[in-house]
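**Student:** Input: one structure, supplied below.
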Amino acid sequence: MRAAKSQEIQVPLLRPDHIAQTEQDVFPDTQGYILISHRFDHRTYGFVRLRPPVPTHAKAAFTNIRPTSSEELQSRKRDRNLVVHALGLSARGYLALGFADTLDPVFRQGFAQRALSLTHTGASQWNDIWEGGQEYDALVVIAASSPGRLPGPMNDVCQILGPFADIVWRDGFVRRDAAEHPVEHFGFADGVSQPVFLAQDQSRASNRTYPWDPAAPLGLVLTPDLHPRPQSGFGSYCAFLTIEQHAQRFDAAAQGLAAAAACPVDHAKAMIVGRHPSGDPLPQRAADQNDFDAAAPDSVWPNASHTRRMNPRAEPHRRILRRGALYENPSGERGLLFQSFQASLDQQFEFIFRNWAFVPNHPAPSTGVDPFLAPCDPLGQNWPAANGASVHHAVRGTTTLRGGQYFFFPSLPWIRSLSSIG
């Protein structure tokens, strides 16, 4: 039985073009980890909890983290000596640092409290640093070209924040295939079909056969700083989720679907994901992996597939920007450190969960629920079979949500201004 949804908090939908600035305007002042795709594939994440009473100089201490700007990361993203830093604050972090409670209500309530209505499982299966719905005040991200470059910066952060905070670190990494695409634990290319913000990338994507345009305004992910100051700029809301992937269950689910649909197991896996392992779409592609017929019939691109459900391409203003990594822990647990950036948690990240992941009639009647995000739902999905008919088969339990939290990654001027706040 599904849990009843709690009363939804209504937040006005921002127009994606609500920011008129160009990349040249915002690059010096935005955190590069948000906007710039990079190849610093070894990462560590510091989850910070402030110890009460929080001293007044804590604000100024955060300025010493010195996040990497979009301008620097774009110009040095091939520099293997660069170490990338990023900083996000949670709602409880803003409040612990003494800022007034004028925060966005969804952000203020937090993912732990909203998880039950969004995922229908809540925090019942959360573990490790998230066990029992644990929350943190800040998130420090460090990324480098090799794992040996991480300990020094980690120690620096501990020296800066350690006198008044406890920090737990969790490592992430990116695995790449022969074509240098990031690959997740199920063996499929990850990070495909991202919104494109930079003018040079938009021009490369302009020669397309099909109408879908990956170009996106900066306002899709950037929004004005929380608690703006004269030096403020634009930041972004981050949804950070730890998602365990069960590779053996995925293989078993694909075998079951292959038997039901009378198709090869590899094709069943591709139907579940919605793409081939290479990242190529199931419909015939044209110029690139994102240039294909998004109106292809269910028999070609199944309505029940994860990619068609979660990015149906009908509402481009709902898109999110994904920044993530893989993780493995000593117990053998493996999965994704999923991070999405967006201008609105309610109208982008949470909208996708509320209206696409768990709605059986999306994107078409009697489709079923998402095959990855619905771990216990008995309804299953309708899949195209080899004989041209439709077969009902339940693909579920391939992932488990292990925890998560919302953060806001402020602009660099806003972070620097903390040194002047008493």
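No lab work stands behind these numbers, since they all come straight from the coordinates. Please read all numbers here as calculations on a predicted model, not as lab measurements. Glycine gets a Cβ as well: all are built from the backbone with ideal geometry, and neighbour counts include every protein chain shown.
**Student:** Below 8 Å between Cα atoms, with a sequence gap of 6+, how large is the relative contact order for region 98-229 in percent?
**Tutor:** 13 percent
**Student:** Using C-alpha positions alone, give me the convex hull volume of the chain per residue in cubic angstrom.
**Tutor:** Hull volume over Cα atoms, normalised by residue count, gives 141 Å³.
**Student:** Quick query: amide H of Ala138 versus all other amide H atoms, modeled in the peptide plane; which residues come in under 5 Å with a sequence gap of 5 or more or a different chain?
**Tutor:** Long-range HN contacts for Ala138: Val48, Ser90.
**Student:** Using label points projected 7 Å from each Cα along Cα→Cβ, tell me how many nm separate Trp169 and Gln134, to one decimal.
**Tutor:** Result for the modelled spin labels: 1.6 nm.
**Student:** Just from its helices, what would the mean residue ellipticity at 222 nm be for the chain, if runs of 4 or more DSSP H residues each count -39500 (n - 2.57) and the sum is divided by every residue, rounded to the nearest 500 deg cm²/dmol?
**Tutor:** Calculated from helices alone, the mean residue ellipticity at 222 nm is -5500 deg cm²/dmol.
**Student:** Taking the Cα centre of region 270-321 as origin, sum charge times position over the Cβ atoms of Lys and Arg (+1) and Asp and Glu (-1), and report the length of that vector in debye to the nearest 20.
**Tutor:** For region 270-321, the charge dipole is close to 220 debye.
**Student:** Identify the residues of region 86-103 with backbone N under 19 Å of a label point that sits 7 angstrom from the Cα of Thr56 along the Cα-to-Cβ direction, or state none.
**Tutor:** Only 95-100 pass the distance filter.
**Student:** What number, in percent, do you get for the relative contact order of the chain if the mean sequence gap of Cα pairs under 8 Å and at least 6 apart is divided by its residue count?
**Tutor:** That works out to 24 percent.
**Student:** Give me the one-decimal nm value for the distance between modelled label points at Gln125 and Glu333, 7 Å along each residue's Cα-to-Cβ direction.
**Tutor:** In this crude spin-label approximation the distance works out to 1.2 nm.
**Student:** Taking H placed 1.01 Å from N in the peptide plane, check which residues at least 5 places from Val395 or on another chain put their amide H under 5 Å from its amide H.
**Tutor:** Distant-sequence amide H within range of Val395: Gln381.
**Student:** Once phi is turned into ³J(HN,Hα) by the Karplus curve 6.51 cos²θ - 1.76 cosθ + 1.60 with θ = phi - 60°, what whole-Hz value does each residue of region 409-418 show in order, with x for glycine and proline?
**Tutor:** 9, x, 6, 5, x, 5, 5, 5, 5, 4
**Student:** Counting Lys +1, Arg +1, Asp -1, Glu -1, what net charge surrounds Arg175 among other residues with beta carbon under 15 Å of its beta carbon?
**Tutor:** -3
**Student:** Here is a follow-up. When only alpha-carbon atoms are used, what values of Rg and Dmax, in angstrom, describe region 329-384?
**Tutor:** Here Rg and the maximum Cα pair distance are 14.3, 43 Å.
**Student:** Hey, got the dipole for the chain? About the Cα centre, +1 on K and R Cβ, -1 on D and E Cβ, debye to the nearest 20?
**Tutor:** The dipole of the chain has a size of about 260 debye.
**Student:** On to the next question. How far apart, in nm, are two points set 7 Å out from the Cα along the Cα-to-Cβ line at Asp101 and at Gln284?
**Tutor:** Label-label distance for Asp101 and Gln284, simple model: 6.0 nm.
**Student:** Taking amide H positions as placed in the peptide plane 1.01 Å from N, state which residues far from Ser69 in sequence (5 or more) or on other chains have amide H under 5 Å from it.
**Tutor:** Gly32
**Student:** Using the Karplus equation 6.51 cos²θ - 1.76 cosθ + 1.60 (θ = phi - 60°), what ³J(HN,Hα) coupling, rounded to whole Hz, does each residue of region 142-155 give in order, writing x for Gly and Pro?
**Tutor:** Running phi through 6.51 cos²θ - 1.76 cosθ + 1.60 with θ = phi - 60° gives 10, 10, 8, 7, 8, x, x, 8, 8, x, x, x, 4, 4 Hz.
**Student:** Rounded to whole Hz and in sequence order, give me ³J(HN,Hα) for region 230-244 from the Karplus expression 6.51 cos²θ - 1.76 cosθ + 1.60, θ = phi - 60°, writing x for Gly and Pro.
**Tutor:** x, 8, 6, x, 10, x, 8, 7, 10, 9, 10, 10, 9, 10, 6
**Student:** Ok, one more. When every alpha-carbon pair in region 52-120 is counted, what percent end up more than 17 Å apart?
**Tutor:** That fraction is 62 percent.
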